[in-house]
1. Show the residue pairs that are 6+ apart or on different chains and have beta-carbon atoms under 6 Å apart, the first residue being within the range 30-51 and farther than 19 Å from residue 73 by Cβ and among the acidic types (Asp, Glu), the second being modelled with pLDDT under 95 and surrounded by fewer than 16 Cβ atoms within 10 Å (Cβ to Cβ).
2. For residue 68, are the conditions met, namely being loosely packed, with under 12 Cβ neighbours inside 10 Å and either touching a Leu at 6+ places or on another chain (Cβ under 8 Å) or aliphatic (A, V, I, L, M) (or both)?
3. Report whether or not residue 32 is surrounded by 12 or more Cβ atoms within 10 Å (Cβ to Cβ), out of contact with any Pro (no Cβ under 6 Å at 6 or more places or on another chain) and modelled with pLDDT of 90 or more.
Amino acid sequence: MSKRDKLIQKICQQGQVSIEEIKALLSGLGFSARQAGSHITFAKGASRLTIPAASQVKPIYLHQLCEILRGLGH
């Protein structure tokens, strides 16, 4: 299992994930990131996710991210 797969599994199991881990994962999957104030917006095609730029990401955002990743086949 690759590092990417392990991180996706961690996200979908609502583990503690940092914003830096999410940035690295989504960047590797071809998402663009734009920070406006205290939030970061990740976008790829029609998929878009806005997350507060806090050190630990709340479970609701992990759930939304997991749904986006599943929709992309990951």
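The values are calculated or read from the model by the stated rules, or taken from the named source; none is laboratory data. Just so it is clear, the structure is predicted and the values come from calculations on it, not from any experiment. Neighbour counts run over all protein chains shown; Cβ positions are idealised from the backbone, glycine included.
1. Correct list of pairs: empty, since none qualify.
2. No, not satisfied.
3. Working: surrounded by 12 or more Cβ atoms within 10 Å (Cβ to Cβ): no; out of contact with any Pro (no Cβ under 6 Å at 6 or more places or on another chain): yes; modelled with pLDDT of 90 or more: yes.
Spelling it out, it is not the case that residue 32 is surrounded by 12 or more Cβ atoms within 10 Å (Cβ to Cβ), out of contact with any Pro (no Cβ under 6 Å at 6 or more places or on another chain) and modelled with pLDDT of 90 or more.
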